[in-house]
């Protein structure tokens, strides 16, 4: 006996699926519209009104990294640092590579009186990613909170990770300049000049520390950056 299958259920299933897709698209469109309105208000300096828009957008999609990031930025501008840290952390959890979310989260935590948490977060990120930018971020934030010893350690690590990257070495040299260790800064400026004499701000920094172009040209070509421990 031939068994006949009814197809009557299929149109209903497709109809329900289509309705669900339309509802989802409508929610996304509404959330995006609210988020864009919030951005416009944020750029006008109307942070409280912007925050209301971002929070409304997050009701539809609580994990949206963009809405969370901008809600965090609004909270930060309103000196609501705990709330800013929450939103930044949510944005980072969903999309760790979103914009400047790592630095924003660390800054909010520091402002909220949680500097150890901020530095532990940045240290873990630098270890996990293994990127020189992460190590430089750690170094800069240690300097930001006044821990110059740990800042030094991390700037040295960054230089070791990218010994031929003039932009990295420039940040290390400027750190030494800022703490008055001119000899180490001068040695790095010479190394940077050998790598990229057109580096923005380099000649001015050299002149400020008494390094002439002739001296840099006459220096032996180094294969690794000078010791800056």
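In nm, to one decimal, how far is the modelled label at residue 181 from the one at residue 199, with both set 7 Å along Cα→Cβ?
1.6
Arrange 114, 131 by Cβ neighbour counts within 10 Å, fewest through most, would you?
Lowest to highest Cβ neighbour count: 131, 114.
Using the count of nearby Cβ atoms within 10 Å as a rough guide to exposure, how do 148, 202, 136 rank from fewest to most? Spell out each step's value before the answer.
Details: 148 14, 202 20, 136 23.
So the residues, fewest neighbours to most, are 148, 202, 136.
If each of residue 174 and residue 144 carries a label point 7 Å out from its Cα toward its Cβ, how far apart are those two points in nm?
Taking the simple label geometry, residue 174 and residue 144 are separated by 1.5 nm.
How large is the convex hull of the Cα atoms of region 164-229 per residue, expressed in Å³ as a whole number?
75
What does the extension gain come out to for residue 127 and residue 78, with contour length at 0.36 nm per residue minus their alpha carbon separation?
Numbers: separation 49, 0.36 × 49 = 17.64 nm, distance 3.24 nm.
Extra length available between residue 127 and residue 78 comes to 14.4 nm.
Compute the projected area of the convex hull of the Cα atoms of region 30-109, averaged over all viewing directions, and report it in nm² to one decimal place. Mind showing how you got there, number by number?
Working: hull surface 17.3 nm².
Its Cα hull, projected and averaged over all orientations, spans 4.3 nm².
Given 0.36 nm per residue, what is the gain on full extension from residue 161 to residue 33 after removing their alpha carbon distance, in nm?
41.7 nm
So for the pair residue 46, residue 120, with labels modelled 7 Å out along Cα→Cβ, what separation do we get in nm?
4.1
Sorted from fewest to most neighbouring beta carbons within 10 Å, what does the list 192, 179 look like?
The fewest-first ordering by Cβ neighbours comes to 179, 192.
None of the figures in this text is laboratory data; all of them are computed from the coordinates on show. Given the structure is predicted, the values throughout are model-derived calculations rather than measurements. For neighbour counting, all protein chains shown are included, and Cβ atoms are generated from backbone atoms with ideal geometry for every residue, glycine included.
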